[in-house]
Amino acid sequence: MQIDNNEKKIIGVCGNSGSGKTTFVNGFGEGRKVGIINYDIIKKNIVEEQIEYYVKKYKYRLKELEARKEEIIKMLDIDINILNKSVYEISESELSKVLIASVLLCNPDIIIFDEMLDSFDTINKVKILKLFIKLKKFFNKTIIIVSSNIDDIYEFIDELIVIDDGKILYYGDKYKVYNNYDKIKENNIRIPSIVTFIKKIKDKGINVDEVDSINELIKTIYREIR
Amino acid sequence: MNIIEAHNINYSTSNKVLFKDITIDIEKGSYVSIIGENGVGKTTLLRLLSGSLISDNNIKIDGIQVNKFNVDEITKKSAFITSYNEFFSKTVLSEILQDRKSVSSFDINKVKKMLDEFNLLYLENYSPQKLSYAENQIVALIKAILKESKIIFLDNAFSKLDFDKRYELLNYIKKISKQKDITIVSTTNDVKELALSDRIIYINNKKVFFDGNYDELITNEDINIKLPWEIEVSDKLIMYELLDKRYDNMDDIIGELCK
């Protein structure tokens, strides 16, 4: 598989557990260009040391390290009172934000967010996903989000990779991937509720647009039915 | 009968007041979910209710007042499962049977049967430190059930499982809870888990803000939680006068729209 990294985008990765998502993520390897965010990157006991771990490991000479660190901590809304605490005594959602910070500080081109969304409540999940959009638009990053709940991410992604049985089943524009609806369903891979809904309502003869959010869905139904 | 009685709980960390005068009684055999935004202290509350976090509060578990001298006695009665559980044994089999004084072939067969139920029999001789997150969480559950825990505490416990597998597992836990009168206390960010719970406690601003069942929760307009997809769509369609009431099933919504 090749990801065209000239055009920045958010890519979702879905597939059942044991399908090879972890192998897929590990295939990118750890390095300066790619930052993987999951629990395996916990290397330090103290929060602040964890945040600085990778930037020090790769010996980045950042003149403005302190300023950048401050900016990232602010952007992620990390409580500064936790900086000298142990990573094991802060909450799961705080820990996830700390891990994001330790990767962002290295400024990689590609950021992989590996099954971390479920540590956030709904409101904070959306905040994190909106942050990814900001990173794409204003900081030119490609973001890869691995998630077992496609409903959570569908609205926020541009492209989708469907993995099954150690292979990439489909990769492409998210709408186009679900042209293979029946095949994906056959493989027992979860399909976004909105995609299923649109397929079912089209089967009934109502010609709604392909959309990715509830608000857009209601608008297109309203136009068709009224 | 209440298996947990926590009266007038106050708790602060070094820089934050988490709970002010919270009272929670939990009935034996019930499935209770604790929800609230990130940072309100769901995990801390669960640890207080389980007796694994000692404070000078008035908390009784299975009739015994929690204090620092009886932690072992109290925590023996229950299991605490998190999104990643630390295991120290050499094999999965010995980890699951860890709390036994003596192990019979009958016990070993029970473990094998249960691993098999989850299609995980191949794990029996694996090192429990090398499991995937999903496997780690299921092994912790099997261990909790076979140790005959009276209470199982779930701290965002099955977040690493696939969507469908998670509900399969939660349904299984609910069934076991009713069969064996095991009490389940769970913290979760997942609204679909709440539909399985007998009771939901919503923590907000240091207090119990809501305490009731699922139907009461999703019709309460003061609570800001994400509703199931079908309910959210129903609500918006009602706003546009395209639907007359909420439906929790997609086919029903489409059926009504196509009338």
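The values are calculated or read from the model by the stated rules, or taken from the named source; none is laboratory data. If you're wondering where the values come from, they're calculated on a predicted model, not measured in any experiment. In this analysis, Cβ positions are derived from the backbone assuming ideal geometry, glycine residues included, and neighbour counts consider all displayed protein chains. What goes into the accessible areas is simple: the full protein's heavy atoms, side chains included, and nothing from ligands, DNA or RNA. Shrake-Rupley method; radii C 1.70, N 1.55, O 1.52, S 1.80 Å.
One table, with the values for the structure above:
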| item | result |
| --- | --- |
| Matching residues, segment B:98-116, being in a loop (DSSP other than H, G, I, E, B), of a type outside the set (S, T, N, Q) and surrounded by 10 or more Cβ atoms within 10 Å (Cβ to Cβ) | B:Asp99, B:Arg100, B:Val103 |
| Residue match in segment B:169-192 (condition: within 11 Å of chain A (Cβ to nearest Cβ), farther than 19 Å from B:Val40 by Cα, basic (Lys, Arg) and in contact (Cβ under 8 Å) with a residue 12 or more places away in the chain) | yes |
| Cβ pairs under 6 Å, 6+ apart, first in segment A:139-159 and in the same structural domain as A:Leu105 (by TED's automatic domain parsing) and among the hydroxyl-bearing types (Ser, Thr, Tyr), second at pLDDT 95 or above and surrounded by 20 or more Cβ atoms within 10 Å (Cβ to Cβ) | A:Ser147/A:Ile153; A:Tyr154/A:Pro192 |
| Pairs where the first residue, in segment B:146-160, is under 19 Å from B:Lys178 (Cβ atoms) and the second is crowded, with 22+ Cβ neighbours inside 10 Å and among the charged types (D, E, K, R), C-beta under 6 Å, 6+ apart | B:Phe158/B:Arg166 |
| Residue count, segment A:16-33 (criterion: farther than 13 Å from A:Ile145 by Cβ and within 14 Å of chain B (Cβ to nearest Cβ)) | 8 |
| Filter result for B:Ser12 (within 14 Å of chain A (Cβ to nearest Cβ), within 29 Å of B:Ile225 (Cβ to Cβ) and in a loop (DSSP other than H, G, I, E, B)) | no |
| Every residue from segment A:17-41 that is open to solvent by 40 Å² or more (accessible area, probe 1.4 Å) and part of a loop (DSSP other than H, G, I, E, B) | A:Ser17, A:Gly18, A:Gly27, A:Phe28, A:Glu30, A:Arg32, A:Lys33 |
| Any hit, segment B:32-42, residues being surrounded by fewer than 13 Cβ atoms within 10 Å (Cβ to Cβ), at pLDDT 90 or above and more than 28 Å from B:Ile145 (Cβ to Cβ) | no |
| Residues of segment B:150-204 satisfying the condition of being aliphatic (A, V, I, L, M), at pLDDT 90 or above and open to solvent by 20 Å² or more (accessible area, probe 1.4 Å) | B:Ala195, B:Leu196 |
| Qualifying residue in segment B:237-247 (condition: on the phi < 0 side of the Ramachandran plot, open to solvent by less than 20 Å² (accessible area, probe 1.4 Å) and not in a loop (DSSP other than H, G, I, E, B)) | yes |
| Odd one out for A:Glu52, checked against (1) away from chain B (no Cβ under 14 Å); (2) open to solvent by 60 Å² or more (accessible area, probe 1.4 Å) | (2) |
| Every residue from segment B:213-230 that is crowded, with 17+ Cβ neighbours inside 10 Å and either at the interface with chain A (Cβ under 8 Å from one of its Cβ atoms) or over 22 Å from the mean Cα position of the chain (by Cα) (or both) | B:Ile225, B:Trp229, B:Glu230 |
| Index of the failed condition, B:Ser234 passing every other in (1) surrounded by 13 or more Cβ atoms within 10 Å (Cβ to Cβ); (2) more than 14 Å from every other protein chain (Cβ to nearest Cβ) | (2) |
| Criterion violated by A:Asn84 - all others in (1) within 14 Å of chain B (Cβ to nearest Cβ); (2) under 20 Å from A:Phe138 (Cα atoms); (3) assigned to a loop (DSSP other than H, G, I, E, B) satisfied | (2) |
| Set B:Glu124, B:Glu117: member being without any contact (Cβ under 8 Å) to a residue 24 or more places away in the chain and more than 17 Å from the chain's Cα centre (by Cα) | B:Glu117 |
| Condition met for A:Asp40 (more than 23 Å from A:Ile144 (Cα to Cα) and within 14 Å of another protein chain (Cβ to nearest Cβ)) | no |
| Total residues in segment B:248-259, condition assigned to a loop (DSSP other than H, G, I, E, B) and at the interface with chain A (Cβ under 10 Å from one of its Cβ atoms) | 1 |
